[in-house]
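Okay, structure first, notes after.
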């Protein structure tokens, strides 16, 4: 009986290990597609076009004011933004799927988050295939999507690793 349980336990551990590794590999795969250009307005009424940042690494953080997971992640993104402010990295928040009367720019400022905020980003979210929040898209200097993340963990070390990759 002990032998059977040992075999079952080892099999279960191997299966979990394989699933975990497959999931990690899938999340780390590079999406070779070129990031689609778009134009949106910032929360303070200025025009923003992705092409204006050609040649620079860009992070697009898709979020909504009603999303608790976004609010959990954003302090970590702000910390990373500050850590890399001496580089040409651009970190842009794109608010979408908002409730009427939402003020995304003010919502971030009220919490000490100072990334550029774009509003009414529903069409851009559709262009990028974004269906949930938070979703963070990492675009390399050549304009290709290098990585996408759905983490809400503000301390996820993969966020920093992705930035380091973009800055190479």
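The values are calculated or read from the model by the stated rules, or taken from the named source; none is laboratory data. Everything numeric here is computed off the predicted structure, so don't read it as measured data. Ideal geometry is used to build each Cβ from the backbone, glycine not excepted, and the neighbour counts take in all protein chains shown.
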Could you list all residues from the stretch 129-144 that are closer than 20 Å to residue 34 by Cα and under 11 Å from the mean Cα position of the chain (by Cα)? 130, 135, 136, 137, 138, 139
Given the condition within 22 Å of residue 131 (Cα to Cα), out of contact with any strand residue (DSSP E or B) (no Cβ under 6 Å at 6 or more places or on another chain) and modelled with pLDDT of 95 or more, answer yes or no: does some residue in the stretch 44-60 qualify? yes
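Go through the residues of the stretch 100-108 one by one and say whether even a single one is within 19 Å of residue 151 (Cβ to Cβ) and crowded, with 16+ Cβ neighbours inside 10 Å.
Applying the first criterion (within 19 Å of residue 151 (Cβ to Cβ)) to the stretch 100-108 yields 108.
Filter again for crowded, with 16+ Cβ neighbours inside 10 Å, leaving 108.
Yes - at least one qualifying residue is present in the stretch 100-108.
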Filtering the stretch 54-70 down to residues that are in a helix (DSSP H, G or I) and either crowded, with 19+ Cβ neighbours inside 10 Å or not assigned by TED's automatic domain parsing to the domain that holds residue 39 (or both) yields 70
